[in-house]
1. When region 63-83 is examined, which residues are found to be modelled with pLDDT of 95 or more and of a type in the set (Val, Ile, Thr)?
2. I'd like to check something: does region 3-18 contain any residue that is of a type outside the set (Ser, Thr, Tyr) and in contact with an Asp or Glu (Cβ under 9 Å, 6 or more places away or on another chain)?
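The values are calculated or read from the model by the stated rules, or taken from the named source; none is laboratory data. As the structure is a prediction and not an experimental result, all values here were calculated from the model. Positions of Cβ are generated from backbone atoms using ideal geometry, with glycine treated the same way; all protein chains shown enter the neighbour counts.
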Amino acid sequence: MDDDFYLEPRRAAEHEFKDRGSRFLGRVIPISTEDEAAEHLAGLRKAEWDATHHCWASIVEATARSNDDGEPSGSAGAPILRQIEARELTGV
């Protein structure tokens, strides 16, 4: 793929599933700055205040970041980031 070509989500989307008594929420949120990503994460933490972990990953402004939020190191944020990278997404 051309280095100047990136895919960006057009709109937010979410999915929920349950496994062995745990509830998992996955969300894709279009963002254009790291500050915007932090604002969305803060809003999600407030809305889902009873969640044990808020694991996340983002690629925005050519910077990739991820966080396991208390899960074992590399077990949540990094796999999320790898999925974003595998789909050549940015602004997410």
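1. Of everything in region 63-83, just one residue is modelled with pLDDT of 95 or more and of a type in the set (Val, Ile, Thr), namely Ile80.
2. So the first thing to find is which residues in region 3-18 are of a type outside the set (Ser, Thr, Tyr), and the list is 3-5, 7-18.
Remaining after also requiring in contact with an Asp or Glu (Cβ under 9 Å, 6 or more places away or on another chain): 5, 7.
Yes, region 3-18 contains at least one residue that is of a type outside the set (Ser, Thr, Tyr) and in contact with an Asp or Glu (Cβ under 9 Å, 6 or more places away or on another chain).
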